[in-house]
Every structure is written in C-alpha cells, then in structure tokens.
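To start, the structure itself, in structure tokens.
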C-alpha cells in the first residue's frame, strides 16, 4: 500500500482530525503524464472517509493529501497548506455546510484552475438543480456513494485526465434538461463500462451494426454481441436505440 506521508493537523467537527498530509515532491500539473493524483476527501462520515482513503492509498497513482468533515474545514486546510494543493477534490455535497456551487468556486480559486471536483452522493437525494449548479461551478462529475470501489477509482482517474463522469441514474435524469439547454459540458464517460465496452458503445452511437463493429475492431460478431449485452445491463437499457441516445447525450458517437 502506498501511504501518504507527513504530519496530521487540525480537528474535524466530529472530533476526528481534518487531516492534510505533506505530498510527495513539489506540486505538479494535473495534465502531467504519469502524475500522481493528489486527492482531498470531504465527507462528514469518518468511516466512509477511512474506507475511501484506504482504497485510494492502495493505488500507485493516487495519494490522499488531506481530508475534512466539512467544506469550511477543507477550505481552511487548503489555505494553510499550499504545498499539499489537491488535483482532485472528492466531496459529498451535504458535507460542505455551504452552497455547493460557492464552495466549488472558492475551492478551485484556492487550489487553482486545474483542480478537478468529483462529487459523491446518494443519487436519489440529489436534486437536478443541485447537479446543474455544481456543474456550472466547475464540478466534473457525480458518482453514487454506493458505487463499487473500482468505479470510484476509475472516476478519479477520468476527472484527473480532464474527463467527466456521471453515474447512470444522474445522467438519465439530466438527459431531458440538457437536450433543452445544450449538450453536457465535456464528454461524459460512464465509469462502469470497460474500455472495450466504451469503444463499442461509441460505434453503436455512430450507427454501426454488430457486423460493422466487429469489422472495425477486428473481433467476432459473437464477441460484439456479448459486449453489447453487458453494455445494456450496465446502462440499464433494453435496446440499441436507447443505448445510442444515452451515449450521444454523453458526448459519444461524434
């Protein structure tokens, strides 16, 4: 396990420390090839923070540089430790204690314009207007708090690279909204899909049938059919038209 180094400072509102650790080396650009993703955690549940921190610190390309129970504590820690500025802020909206869009703008102002914001929440409790406000302020994605660890790790990597991530439930709810006001800002990548499944979904959104996809990717039609079935199950759709619509609304198939 790759453990973050440094001392622990501060106190969370729940009695647990609002930790921020000295990061490895000097600050780096989020776009650097092979860079370690510096992640700051914000959540008012200590056990959830501990579980996420453990998962992140097991990865060679991730490092937890700080954590806090509330948005106010997070801003104070980021102000006080400029050498531990995060690349990705992983935050739970109810934990901020302030308007989420105000927090996001302030956090990005302190940490820098390259800092990515990834929100974890119970999707059924997140109102559409909250999602829209957070995105307008600069958030690059929403992932369910109940998502498997692998999806959370992939979501962090996607936003680290400048991509956007939305769990299927949030993406589906916002399709109507964004079809009226414009496309989603940036390409929405579904983290539950494998790289191959995203390739196939992209081709499906462009109008390719299974035979055309098989020829394009140099695989058998049976392999394509299996992948399409997995895509349908993961996106919770029952036909190609709905899957293609979901993909196009997510910026794929262009």
### Task
Normalising by the residue count of the range 195-249, find the relative contact order in percent from Cα pairs under 8 Å and 6+ residues apart.
43
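Largest first and in whole Å, what are the equivalent-ellipsoid semi-axes of the range 210-254 based on the Cα gyration tensor, each being the root of 5 times an eigenvalue?
The equivalent ellipsoid of the range 210-254 has semi-axes of 19, 13, 7 Å.
Taking neighbour Cβ counts within 10 Å as the exposure measure, how do 106, 241 sort from fewest upward?
241, 106
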### Query
Which order do peptides 198-208, 68-78, 140-150 fall in by mean Cβ count within 10 Å, highest first?
68-78, 198-208, 140-150
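A short reminder: the numbers here are calculations on the coordinates, not readings from a lab. What you see is a predicted model; the values in this text were computed from it and never measured. When we count neighbours, we look across all protein chains shown, and the Cβ atoms used for this are built from the backbone with ideal geometry, even at glycine.
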